[in-house]
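Accompanying notes for the structure given below.
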Amino acid sequence: MQETIIDKDTRLLVVSAHAGDFIWRSGGTIAKYIKHGAQVSLVILSYGARGESNDLWNDLNQTMENVKKIRRQEIEEATKQLGVTDYEIWDLQDYHMSVTDQDKERMLRKIREVQPHVILTHGPKDAFNPDHELVSNFVFEASVLSTSNGVRLEDTKRSKQSSIFGFEPHQAEISDFKPEVIIDITETYEQKVAAMNCFKAQKHLIDYYSAKALIRGNQARRCSGNNEYQYAEAFTRFFPYVGGTFN
Ligand SMILES: [Zn+2]
């Protein structure tokens, strides 16, 4: 695949349902974009306090407030490892998540404010995670609406349609996931590992996602013939590739 140029004019928006998703599924890609000067904005919709903090709840005296506090610290440390400075946490409830009309407007505003070339978020199918499926549709809908001049929102300007890419779900095959785009993360893989290590409630996932990066790296080499690719992250596309030539 032809290398796409990333520079200071590149704008990437990442929307993560829970605290850890942006790391497991796109941490290497985020760090790579930042390393090459892109503007990266991150929205974390929830702390994942109910659904993705199991280890913390082993403590019988645990409280919701404390779980969120720990997760907030972990997010802070992990974003530092990736170089992310522009992030916000909406603190929606997770498991199960729902979005209000206000949340929909907020996402629309965010997209019009960032004017992203690329949006990374959850793909439409995740066999074990209804929150991820909800977020997929939530972001897709806001992205499409953001392009319409008739959708009036004070102090916002319509945006061009962003290219949207779906994260790899945890249980890829069971969720009918097939890589459609594979991004080489060799140069930022160590940053991804450092960021994964910040999530104490999900230590069991680190080996899993390290193995995943190796497998996707192998596929990156096989599909491209470029033997420098060691680690990679895979995504699906929401829209077809469009260009003046094949890529
Ligand atoms: Zn999640």
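Nothing in this text is a laboratory measurement; each read-out follows from the coordinates by a stated rule. Predicted model only: the values in this text are computed from it and were never measured. Backbone-built Cβ (ideal geometry, glycine too); neighbour counts: all protein chains shown.
With unit charges on the beta carbons (Lys and Arg positive, Asp and Glu negative) and the dipole taken about the Cα centre of the chain, which residue among 56, 204, 243 sits farthest to the positive side?
Of the candidates, 243 comes out farthest on the positive side.
Among 63, 79, 29, determine the one that fluctuates most according to a GNM of the chain built with springs between C-alpha atoms less than 10 Å apart.
Among 63, 79, 29, the largest mean-square fluctuation in the Gaussian network model of the chain belongs to 63.
Output the peptides 212-219, 240-247 sorted from most to least packed, where packing is the average of other Cβ atoms within 10 Å over each peptide's residues.
On the way: 212-219: 17.9, 240-247: 7.0.
For the peptides 212-219, 240-247, the packing ranking is 212-219, 240-247.
Over the stretch 11-237, calculate the relative contact order: mean separation of alpha carbon pairs under 8 Å at least 6 apart, over the residue count, as a percent.
Values: 419 pairs, mean separation 57.4, N = 227.
In percent, rounded to a whole number, it is 25.
Please check: in the Gaussian network model of the chain (C-alpha springs, under 10 Å), which one of 185, 119, 70 has the largest mean-square fluctuation.
70
Given the DSSP H assignment, sum -39500 (n - 2.57) over each helix run of at least 4 residues in the chain and divide by its residue total; what's the result at 222 nm in deg cm²/dmol, nearest 500? Please list the in-between numbers first.
Numbers: 6 runs with 94 residues, N = 247.
Helix-only estimate at 222 nm: -12500 deg cm²/dmol.
With point charges of +1 on the Cβ of Lys and Arg and -1 on the Cβ of Asp and Glu, referenced to the Cα centre of the chain, which listed residue (123, 85, 10) lies farthest in the positive direction of the dipole?
Looking along the dipole axis, the top candidate is 10.
Rounded to the nearest 20 debye, what is the charge dipole size of the stretch 5-58 about its Cα centre when +1 sits on each Lys and Arg Cβ and -1 on each Asp and Glu Cβ? Could the numbers behind the result be given before it?
Working: 6 positive and 5 negative charges, 30 e Å.
So the dipole magnitude of the stretch 5-58 works out to roughly 140 debye.
Just list whichever of 80/125; 32/212; 8/80; 69/104 have alpha carbons separated by over 23 Å in the model shown. Let's see the in-between values first.
Working: 80/125 30 Å; 32/212 18 Å; 8/80 19 Å; 69/104 26 Å.
From 80/125; 32/212; 8/80; 69/104, over 23 Å: 80/125; 69/104.
Quick one: longest stretch of the chain between exposed loop GluC sites (Glu not before Pro), exposed meaning at most 16 other C-beta atoms within 10 Å and loop per DSSP? Let's see the in-between values first.
Values: sites that count: 3, 154, 180, 228.
No qualifying site falls inside 4-153, the longest such stretch.
Arrange 87, 231 by Cβ neighbour counts within 10 Å, fewest through most, would you? Can you show the working numbers first?
Working: 87 18, 231 24.
Ascending Cβ contact count within 10 Å gives the list 87, 231.
Quick check for me: using +1 on Lys/Arg Cβ and -1 on Asp/Glu Cβ, what's the dipole size of the chain about its Cα centre, in debye to the nearest 20?
Working: 30 positive and 35 negative charges, 95 e Å.
So the magnitude is around 460 debye.
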